[in-house]
């Protein structure tokens with residue numbers, strides 16, 4: 001028996017057709033499909049740990065996962081990557097596999113994560129599954145001013161899904177801004193951690209600011225109230241992408 005080795009996977013997936021990342025009793029998930037494919041290739045079952053738990057319909061243009069393997073690896077990592085991409089559903093792509101030290105963890109070693117939310121301002125059949133169609137006139141300047149208010153706080157209970165089992169609702173946001181990219185209005189946000197449903201709730205509340213349903217002072221009051229019912233609606237999942245995960249520089253062996 002070989003010494004146990006930890007292997008990281010850099011991958012991406014289209015969330016349409018999956019019940020999120022984490023294995024569920026009912027429904028197809030990315031984690032389940034990845035573990036099944038690895039078991040076919042390695043001839044042993046493995047447990048894969050992801051860098052986060054995206055919800056049903058949410059995408060990841062960059063996602064990391066790891067698994068431990070204590071047997072002799074029958075193929076090179078490049079060959080495993082090739083076979084994975086042939087076995088996995090079309091909506092999942094593996095970009096790289098690499099060895100890491102045993103203390104490196106896909107979830108807990110991450111220094112920051114960045115999410116991107118895409119809004120299409122006009123009806124466009126090519127963005128049906130990757131953007132939220134929002135026809136309302138929006139004040140983007142006001143939305144960016146409200147996004148700047150996020151830096152003044154660390155407790156984001158108001159944007160968290162109720163009854164989640166977490167030790168703290170504190171997050172340090174280091175970037176939050178709206179940009180226009182052709183037909184898309186894009187919100188990008190970076191933090192050391194995120195609460196469940198946090199980005200979609202923030203976007204929904206910022207859209208209330210942009211459509212003049214909520215003032216900047218009102219946005220600040222929502223955060224300070226720490227009550228999810230005071231914040232805006234949760235925008236649809238198809239516009240949300242996990243797009244960047246940052247790890248320490250010594251991630252690879």
message = At 0.36 nm per residue, and after removing the present C-alpha to C-alpha distance, how many nm does the segment from residue 168 to residue 154 gain when stretched out fully?
response = 4.0 nm
note = From the Cα centre of the range 1-46 to that of the range 95-152, the distance in Å is 23
query = Taking only Cα atoms, what is the 0 to 90° angle, nearest 10, from helix 216-225's long axis to the longest principal axis of the chain?
reply = 60
request  = Between residue 123 and residue 28, take the C-beta separation as r, use R0 = 30 Å, and let me know the FRET efficiency to the nearest 0.05.
outcome  = 0.55
task = State whether the range 154-232 is rounded, prolate or oblate according to the following rule on the C-alpha gyration tensor (a ≥ b ≥ c being the square roots of its eigenvalues): a/c under 1.5 gives rounded; otherwise a/b larger than b/c gives prolate, and the remaining case gives oblate.
result = oblate
222 nm mean residue ellipticity, helices alone, for the chain (DSSP H n ≥ 4; -39,500 (n - 2.57); rounded to 500) = -7000 deg cm²/dmol
remark   = With the 8 Å Cα cutoff and a minimum separation of six or more residues, the range 112-244 has a relative contact order in percent of 38
ask   = How far is helix 198-210 tilted, in degrees, relative to the longest principal axis of the Cα atoms in the chain, given as a value from 0 to 90 rounded to the nearest 10?
value = 20
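Which order do the peptides 179-191, 48-60 come out in when sorted by mean C-beta neighbours inside 10 angstrom, highest first? Spell out each step's value before the answer.
Working: 179-191: 16.5, 48-60: 20.2.
In decreasing order of mean packing, 179-191, 48-60 become 48-60, 179-191.
Could you compute the FRET efficiency for residue 145 and residue 85, with r as their C-beta to C-beta distance and R0 at 51 Å, rounded to 0.05?
Values: r = 44 Å, r/R0 = 0.86.
For residue 145 and residue 85, the calculated efficiency is 0.70.
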ask   = Which angle from 0 to 90°, rounded to the nearest 10, does the C-alpha axis of helix 30-42 make with the longest principal axis of the chain?
value = 10
task = With percent of Cα pairs over 32 Å apart defined as stated, name the option among [x] 21; [y] 27; [z] 15 computed from the structure displayed.
result = [y]
key: Estimated FRET transfer efficiency (residue 102, residue 225; beta-carbon r; R0 45 Å; 0.05)   = 0.55
query = Counting alpha carbon pairs within less than 8 Å and at least 6 residues apart, what relative contact order, in whole percent, applies to the chain?
reply = 24
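Here, each number is a calculation from the coordinates, and none is a lab measurement. Nothing here was measured: the structure is a model prediction, and the numbers come from that model. With ideal geometry, Cβ positions are generated from the backbone for all residues, glycine too; neighbour counts draw on all protein chains shown.
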